[in-house]
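To start, the structure under review is shown below, and the notes come after it.
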Amino acid sequence: MTTASNFSVLENRCTTSVCAKLYLRLKQNKNKFTAPELKIYDQLVIYYLFEEYRERMTGSVSDGKKIPDFDFYRQFKIDFEYYFKLLQIKLQPQFTPVRVFEIYYQVHRAFFYIFDFIIGSSKTIAQLRASIWQSIFTHDIYRYERSLFDGMQNITTLIKGPS
């Protein structure tokens, strides 16, 4: 295993373990969590599901099909509802399963096209990639979902300067 794959395995184990432990604590102590603690749980689960479905989502983006195959959505929805059904006690989850899945797809698609099609390893190219990413998603994925998600097809990105 490479360092990168070791890191991925370790990260997945940690995230999975933390999610599972928090889920059990939340289930056992339904009314003892504050709104800020539930928000942290919400964000952790969003991240966990992103990592859990990374390979399948990336494959759907990079396989070259005009219409991606999302046969794993049903399992994604089951996982999403499993982790978020407890939040309905005090706090509605911020996203629906469909919206989260759509955002994940947009993130993976943007990453694929930015990092696979903008060639080079110089600092200037890295800054260009970062600028393009920032122009699409901003620094706040929650702001992106609230304000930009439904209108991104109407926003263009102008790349100026040498390429």
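The values are calculated or read from the model by the stated rules, or taken from the named source; none is laboratory data. From a predicted model like this one, the values you see are computed outputs, not experimental measurements. Cβ placement follows ideal geometry from the backbone for every residue including glycine, while neighbour counts extend to all protein chains displayed.
Counting the residues of the stretch 104-132 that are surrounded by fewer than 11 Cβ atoms within 10 Å (Cβ to Cβ), part of a helix (DSSP H, G or I) and among the small types (G, A, S) gives 0.
Reported count of residues in the stretch 56-80, each being surrounded by 12 or more Cβ atoms within 10 Å (Cβ to Cβ) and not in a loop (DSSP other than H, G, I, E, B), is 13. One residue is enough: does the stretch 126-144 have a residue meeting the conditions over 24 Å from A35 (Cβ atoms), among the basic types (K, R), at pLDDT 85 or above and out of contact with any helix residue (DSSP H, G or I) (no Cβ under 8 Å at 6 or more places or on another chain)? Scanning the stretch 126-144 turns up no residue that is over 24 Å from A35 (Cβ atoms), among the basic types (K, R), at pLDDT 85 or above and out of contact with any helix residue (DSSP H, G or I) (no Cβ under 8 Å at 6 or more places or on another chain).
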